[in-house]
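Read the structure below first, then the notes.
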Amino acid sequence: MNITLYHRAGTRSERVKRLLALLGLPHALREVDAAFAASPTYRALHPFGTVPTLEIDGRVLIESAGQLLALADLAPEAGLAPPPGCLERAAYYDGFIFAVATLEPAVVAWMGAPEEPTRIAYRDEALDALEGFVGNPFTVGERLTALDVLLHWALSFLLGQGLLEGRPRARAAQAGLHEVLMARGAF
């Protein structure tokens, strides 16, 4: 299998890089700077010129959540995805969709107008839902999954923004996942 991750430090591509490390899948890492991101070569891969872009045997994936799902399924022996057909798999999918369709948009909307009351309320509702959603440290079952890699990135960002104050479950999940990911060499 030929895998290339187009990456920029500090972006959502970090979560894909971490999962690749956990899975032990051989891959090329291509750093994407502003000039390359704007180039026709890169725009042919990713129409928005953003990262991450993941190329697997010529197939291009441009959404980090989809990349994580695909990679976990490509290496089932790593056990980073619950098996198909079980309720843990349903919760796993639900968590991915919650993270990218509810949590991230609420935080991004708030960041665009941090004093706007409706955006604050939207952000707080999403963060309250997150507080009930996360585990300690694992989100689905008793083991690490690709969902935890996705959520660790989000939780670390939220912690850095001061948005986990008063949310002890989310803070504990971030700390616990960080410890697990460090121990498994994901950083």
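The values are calculated or read from the model by the stated rules, or taken from the named source; none is laboratory data. As the structure is a prediction and not an experimental result, all values here were calculated from the model. Note that each Cβ is placed from the backbone with ideal geometry, even for glycine, and that neighbours are counted across all protein chains shown. Surface areas here come from the heavy atoms of the whole protein model, side chains and all, with no ligands, DNA or RNA. Shrake-Rupley method; radii C 1.70, N 1.55, O 1.52, S 1.80 Å.
Kindly indicate which of VAL16, VAL32, VAL60 is of a type in the set (Val, Ile, Thr) and under 18 Å from PHE96 (Cα atoms).
Numbers: VAL32 fails: under 18 Å from PHE96 (Cα atoms); VAL60 fails: under 18 Å from PHE96 (Cα atoms).
It is VAL16.
Could we say that ALA113 is open to solvent by less than 60 Å² (accessible area, probe 1.4 Å), in contact (Cβ under 8 Å) with a residue 60 or more places away in the chain and within 28 Å of GLY160 (Cα to Cα) here? Give the derivation first.
Numbers: open to solvent by less than 60 Å² (accessible area, probe 1.4 Å): yes; in contact (Cβ under 8 Å) with a residue 60 or more places away in the chain: no; within 28 Å of GLY160 (Cα to Cα): yes.
Considered against the rule, which asks whether it is open to solvent by less than 60 Å² (accessible area, probe 1.4 Å), in contact (Cβ under 8 Å) with a residue 60 or more places away in the chain and within 28 Å of GLY160 (Cα to Cα), ALA113 comes out as no.
When both residues are 6+ apart or on different chains and their Cβ atoms are under 9 Å apart, which pairs have a first residue that lies in region 22-49 and is more than 27 Å from ALA72 (Cα to Cα) and modelled with pLDDT of 95 or more, and a second that is open to solvent by less than 80 Å² (accessible area, probe 1.4 Å) and assigned to a helix (DSSP H, G or I)?
Sorted first by the residue in region 22-49, then by its partner, the pairs are PHE36/TYR42.
Under the condition of being under 18 Å from the mean Cα position of the chain (by Cα) and closer than 23 Å to ARG119 by Cβ, which residue from region 162-173 is most open to solvent (accessible area, probe 1.4 Å)? First the steps, then the outcome.
Pass one, region 162-173, residues under 18 Å from the mean Cα position of the chain (by Cα): 163-164, 170-173.
Add one more test, that the residue is closer than 23 Å to ARG119 by Cβ, and what stays is 163-164, 170-171.
Numbers: LEU163: 15, LEU164: 1, ALA170: 0, ARG171: 96 Å².
That would be ARG171.
Checking the structure you have, find out if any residue of region 166-180 is at pLDDT 95 or above, of a type in the set (Val, Ile, Thr) and within 23 Å of MET111 (Cβ to Cβ).
Taking every residue of region 166-180 in turn, none turns out to be at pLDDT 95 or above, of a type in the set (Val, Ile, Thr) and within 23 Å of MET111 (Cβ to Cβ).
Can you tell me which of (1) aliphatic (A, V, I, L, M); (2) in contact with a Gly (Cβ under 8 Å, 6 or more places away or on another chain); (3) open to solvent by 60 Å² or more (accessible area, probe 1.4 Å) is the one LEU87 doesn't meet?
(2)
For region 19-39, how many residues meet the condition of being assigned to a loop (DSSP other than H, G, I, E, B), of a type outside the set (Asp, Glu) and open to solvent by 70 Å² or more (accessible area, probe 1.4 Å)?
Within region 19-39, the first condition is being assigned to a loop (DSSP other than H, G, I, E, B), and the residues that meet it are 24-27, 32-33, 39.
From the residues that got through so far, the ones that are of a type outside the set (Asp, Glu) too are 24-27, 32, 39.
Adding the requirement that they be open to solvent by 70 Å² or more (accessible area, probe 1.4 Å) leaves 26-27.
Residues meeting the conditions: 2.
Condition first: touching a helix residue (DSSP H, G or I) at 6+ places or on another chain (Cβ under 7 Å) and open to solvent by 50 Å² or more (accessible area, probe 1.4 Å). Now tell me which residues in region 126-161 satisfy that.
PHE133, ASN136, LEU159
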